Structures are given as structure tokens and as C-alpha cells.
1. When the stretch 446-473 is examined, which residues are found to be closer than 13 Å to MET354 by Cβ and either among the polar types (S, T, N, Q) or open to solvent by 30 Å² or more (accessible area, probe 1.4 Å) (or both)?
2. Give the residues of the stretch 486-515 that are closer than 30 Å to TRP348 by Cβ, part of a loop (DSSP other than H, G, I, E, B) and free of Cβ contacts under 8 Å to residues at least 24 places away in the same chain, sorted by residue number.
3. Assess whether THR217 counts as being out of contact with any strand residue (DSSP E or B) (no Cβ under 6 Å at 6 or more places or on another chain), at pLDDT below 90 and not small (Gly, Ala, Ser).
4. Only residues that are open to solvent by less than 20 Å² (accessible area, probe 1.4 Å) and under 19 Å from SER45 (Cα atoms): list them for the stretch 382-402, please.
5. Counting only residues that are outside any helix (DSSP H, G or I) and in contact with a Lys or Arg (Cβ under 8 Å, 6 or more places away or on another chain), which one in the stretch 382-418 is nearest to TYR154 (Cα to Cα)?
6. Among the numbered criteria (1) under 28 Å from the mean Cα position of the chain (by Cα); (2) farther than 30 Å from SER274 by Cα, which one does ASN412 miss?
7. Give me the helices (runs of 4 or more DSSP H) completely within the stretch 216-297, filtered to those with at least 3 residues that are farther than 14 Å from VAL310 by Cα, ordered by residue number.
8. So which residues in the stretch 334-346 are open to solvent by 10 Å² or more (accessible area, probe 1.4 Å) and either modelled with pLDDT under 95 or part of a loop (DSSP other than H, G, I, E, B) (or both)?
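The values are calculated or read from the model by the stated rules, or taken from the named source; none is laboratory data. Note that this is a predicted model, so its numbers are computed, not measured. Cβ sites come from the backbone with ideal geometry, for glycine too, and all protein chains shown count toward neighbours. Each accessible area value is taken on the protein alone, full model and side chains, heavy atoms only, with ligands, DNA and RNA left out. Shrake-Rupley method; radii C 1.70, N 1.55, O 1.52, S 1.80 Å.
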Amino acid sequence: MDVAPAPHAIALVLGDQLDLDSPVLQACKDVLMVEAADESLRIQSHRARTVLFLSAMRHFADALRQRGFVVHYRKLEEGHDAPLVDQILSMLKAMPPASLRVLEPGEWAIEQALIAGCKAQGRALELIEDPHALCSRKDFARYAAKRSRLRMEYFYRDMRQRHRVLMDAEGQPLGGQWNFDTENRKAFGVRGPSGLPPPARFAPDSISSAVIDAVQTKLDRLPGSCAQFAWPVNRAQALKALDHFIEHVLPQFGPFQDAMWSGEPFLWHSLLASAMNIKLLRPLEVIQAACDAYARDPQRYALPTVEGFVRQILGWREFMRGLYWLHMPAMAQANHFDHHGQLPVWFWNGQSQMNCLRQTLEQTFEHAYAHHIQRLMVIGNFAVLAGLHPKAVADWFHAVYVDAVDWVHLPNVMVMALYAMGPELSSKPYIASGQYIARMSNYCKTCSYRPALRDSDAACPFTVFYWDFLQRHQASLEKNPRMFHAIRQLKAMSPPQLAKNAQQAQRYRERIEQL
């Protein structure tokens with residue numbers, strides 16, 4: 001990209017907007033970037049998450065300088081405590097009275113603060129549409145306005161057709177069906193996973209090492225560890241991570257994408273979300289890489305596997321983005337089940353007696369990562385069944401995962417994991433007893449709780465809370481056809497069984513810190 005000889009605007013680049021081809025940079029010479037400690041402190045963020053953002057920002061700033069941009073950069077070590085937008089506005093006061101140009105932020109609150117701040121300062125603000133989005137905010141709003149109820153599956157089909165992804169010459173889905181989800185739910189069996197490829201990992205360079213030192217010194221109260229930090233922090237590393245996934249991981253991704261196993265945090269998952277969410281990778285190039293692999297070798301890259309991967313990006317990811325911008329700020333406060341329980345302290349130290357939660361939380365604090373089923377069916381499932389406050393849970397997810405950006409994590413937590421927006425945006429609550437976890441993992445084999453029990457101190461809390469939850473919400477859940485089987489099982493239980501289960505659930509709620 002050539003730098004224009006004279007700036008027509010000041011480009012603001014936020015920490016999740018690290019695209020060297022961003023339209024924000026067109027016709028600009030001055031670029032503003034800020035590392036704000038408050039972004040990690042207002043919700044106590046995992047150290048590795050903070051390191052990722054700051055290291056990637058510094059690598060990006062160096063790349064901009066090499067291209068001739070003048071980068072006005074404020075580092076964490078400079079000791080400024082003000083919120084991000086306040087710091088941006090403060091720095092702008094010393095700059096020419098040009099307009100401020102920024103890509104659509106990934107957080108509603110930051111966008112609102114920029115709009116209000118620039119207005120107060122009398123500075124024009126140019127909000128540029130995000131080219132990484134495969135469905136713009138306006139397009140999604142038009143799509144939603146034509147439908148009485150939004151469902152991801154139908155949106156996904158529309159996106160497949162719009163972008164001509166996995167479609168034949170006649171405009172039909174390859175393989176004759178849109179969704180191969182039923183073929184992608186296998187467990188590992190008693191022997192567990194075999195032939196796992198090592199993940200693509202990138203040792204910290206001098207920039208990342210300096211950031212790690214700064215975070216350890218300036219933000220020493222943050223949770224988690226950065227001892228295992230090895231995430232891609234620049235475009236070249238992100239492309240290597242994508243190539244590694246396509247070549248070594250994708251062939252086995254599909255069948256076991258919902259499976260879990262002790263001591264295996266990564267399995268056959270892509271580990272690309274963080275790179276996509278800070279715009280080191282473009283979603284369409286990731287989708288295209290998977291589709292090209294299938295076209296090149298359909299025997300090695302099975303259609304159900306590739307379709308399942310594509311659906312996560314082209315379908316679910318874009319659907320979540322659309323819902324976020326359609327329903328903010330109300331989404332952040334949603335609480336369909338009126339849950340108000342506090343997070344147990346073991347959410348922050350991992351020391352739960354439930355092995356599935358202990359395994360998931362310990363790897364979370366070690367790597368700032370857990371895959372989607374661990375997040376949905378272990379952590380999210382427990383939060384719903386135990387009645388934890390949705391906003392507290394959403395803030396926790398924001399804090400601890402390396403790929404957490406507001407528009408991505410918040411709808412995934414509120415809409416899908418917690419059903420906090422209710423039936424308007426999700427077809428069913430994603431809840432299950434401990435027997436689901438026993439079927440999809442080996443966690444229960446070394447746990448002191450038994451997933452088949454529901455009314456003793458040896459009973460799995462997931463199972464106890466599950467049946468109690470169904471009983472307490474039976475009136476509303478039995479109207480949902482997707483809950484028919486579960487409610488039928490509930491109705492088959494005798495009144496004494498239901499009473500004993502409810503009593504055990506109450507005992508567990510009273511001593512949730514010891515579970």
C-alpha cells in the first residue's frame with residue numbers, strides 16, 4: 001500500500017483491527033494506536049490475552065512504520081491509567097484538526113464513546129465498514145427485518161448462496177444437503193485420541209518478550225499465566241498457523257469436534273480464532289483454504305468435516321456478529337431465567353472437585369484457551385444449571401480467553417451458552433446432565449462424582465442441577481419441541497424422586513464453593 005503524500009484524516013487502529021490492507025489506512029499518513037491498561041483491568045483479563053493484543057499491536061505498528069506511516073503510539077509502560085477512548089481523545093488534542101477515521105469497532109461501548117468524544121471535541125469521525133465482515137451490519141438488519149424469528153441455519157444457507165461456498169453449478173449445496181452436523185459428533189472411545197498433530201506454536205520474539213515483561217511488571221494482578229504463550233502475533237505467523245491447520249489438523253477436525261479428553265487442550269481444533277478476531281487473518285481466506293483443500297483431495301478432506309468447519313465461520317460467527325449489533329446494549333444485560341448466582345471462587349483458580357471443570361479451567365489459565373464444547377457444554381452448561389448471573393459469566397469469558405472480542409464472545413455466551421436472550425434468538429437451551437460429559441470425554445472416569453446419580457452427595461452436580469432445572473422451568477420448556485424428550489423423561493420420574501433431586505440441588509447450591 002502506498003502512503004498518500006498528505007494526510008486527509010488521522011487513522012485510529014484499535015487492538016482488534018490489525019489489517020495492513022485496512023481501508024482506514026487509505027489516504028492517511030498519521031496512525032494513532034494506544035495500549036490502555038484499563039482494557040485489561042476493568043475486567044481482569046488473562047495475562048496471555050493481554051500479551052497477545054499488545055504484542056500484535058507492536059508488531060503491526062512496526063510494519064506500518066516500514067511502510068512509511070507516522071505512528072503515534074502510546075505504550076503500557078508509559079503509565080497512563082485513563083480508559084482507552086479518553087487516552088485517544090487526549091492524544092488527538094495535540095494533533096492537527098483532521099477527521100478521525102476508524103474501522104467499525106468490535107465493541108459497542110467503545111464505538112459509542114468515540115462518537116460522543118469526537119462530537120465533544122468538534123472533530124469529525126469517519127466510521128468505516130469492516131471489510132472482514134461477510135455480512136455487514138446493514139445487510140444483517142435488512143435480513144432480520146424480513147423474519148419473525150432468527151435462526152442460524154437459515155442465515156447460514158443464505159450466506160452459502162451469497163458467497164458461493166460449497167455450492168454446485170446448479171446453485172445446490174455440495175453433497176445434496178446443507179448441514180452434516182450429525183456426522184461430526186463422535187466421541188473418542190475408551191482409547192482416546194491417537195495421532196494428534198502438535199499445534200502450530202510460535203515462540204515469543206523480542207517484541208513479545210518485552211510485552212510479557214511489561215505485563216508481568218505493570219499488570220501483575222492479572223489472572224492466568226503467559227509462560228506457555230505461543231500464539232501468532234503477526235500476519236506471517238497467522239498464515240503459517242492457517243497452513244498448519246489445513247495440512248495437519250483439518251482432515252480429522254470434523255468427526256471429533258465435540259469430543260473432550262483429559263490433558264489434551266487443543267485436539268483437532270483450528271486455534272485460528274484469535275488471529276481472525278484481531279484481523280491477522282481474513283475469514284473468507286480461511287474458508288477458501290478449507291474449500292480448496294476439499295476440491296484438491298476430497299478423500300482426505302471429507303465434505304462433512306469441511307462443511308462443519310465452514311459453518312462455524314460463515315454461519316455461526318457471522319450470525320453472532322449480526323445479533324450483537326442488532327441487540328446491543330440490551331444483550332449485555334439479558335437474563336431470561338432471572339439468574340443471580342455469584343461465580344464460585346474456583347472459576348478463578350480452577351480448583352473444582354468436578355474433574356470436567358477442573359480440567360477445563362486449569363487449561364484455561366495455562367493457555368487462555370478452551371475449545372467450543374468445553375466452553376459451551378462444560379462451563380456454560382454448569383452456569384445455566386447452577387443459576388449463575390449471565391453478565392458475571394459473560395465478563396469471565398471476556399477475561400480469560402485469548403480470542404475474546406466483545407462482538408464475538410458476548411453473543412456466544414448470552415445467546416447460545418446461557419440462553420439469556422430466551423427463545424427469540426435461540427431454539428433451545430444448551431443444557432445436559434453429567435451423562436453427556438461422560439459420553440463425550442473421559443473426565444468422569446477420574447472424578448469423585450457419578451454422572452448417573454441425581455440425589456446423593458456422590459451425584460454429579462451437572463446431573464443434579466439438570467433435573468432440578470427442568471423441574472423448575474417445566475412450564476416454559478415443555479412448550480419447546482426441541483425439549484420434548486427431556487421433559488418426557490422428567491414426567492416419568494415419581495414425585496418422591498423429584499423431591500429428593502430438588503433437595504440435593506439445594507444442598508449443592510448452598511455449598512457451591514466446595515463443588
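1. Once the filter is applied, which keeps residues that are closer than 13 Å to MET354 by Cβ and either among the polar types (S, T, N, Q) or open to solvent by 30 Å² or more (accessible area, probe 1.4 Å) (or both), the stretch 446-473 yields THR446, SER448, ARG450, ALA458, THR463.
2. ARG511
3. For THR217, the condition - out of contact with any strand residue (DSSP E or B) (no Cβ under 6 Å at 6 or more places or on another chain), at pLDDT below 90 and not small (Gly, Ala, Ser) - is not met.
4. PRO390, VAL393, ALA394, TRP396, PHE397, HIS398, ALA399, VAL400, TYR401, VAL402 - these are the residues of the stretch 382-402 that are open to solvent by less than 20 Å² (accessible area, probe 1.4 Å) and under 19 Å from SER45 (Cα atoms).
5. ALA404
6. (2)
7. Answer list for the stretch 216-297: 235-244, 273-277.
8. Hits for the stretch 334-346 are ALA334, ASN335, HIS336, PHE337, ASP338, HIS339, HIS340, GLN342, LEU343, VAL345.
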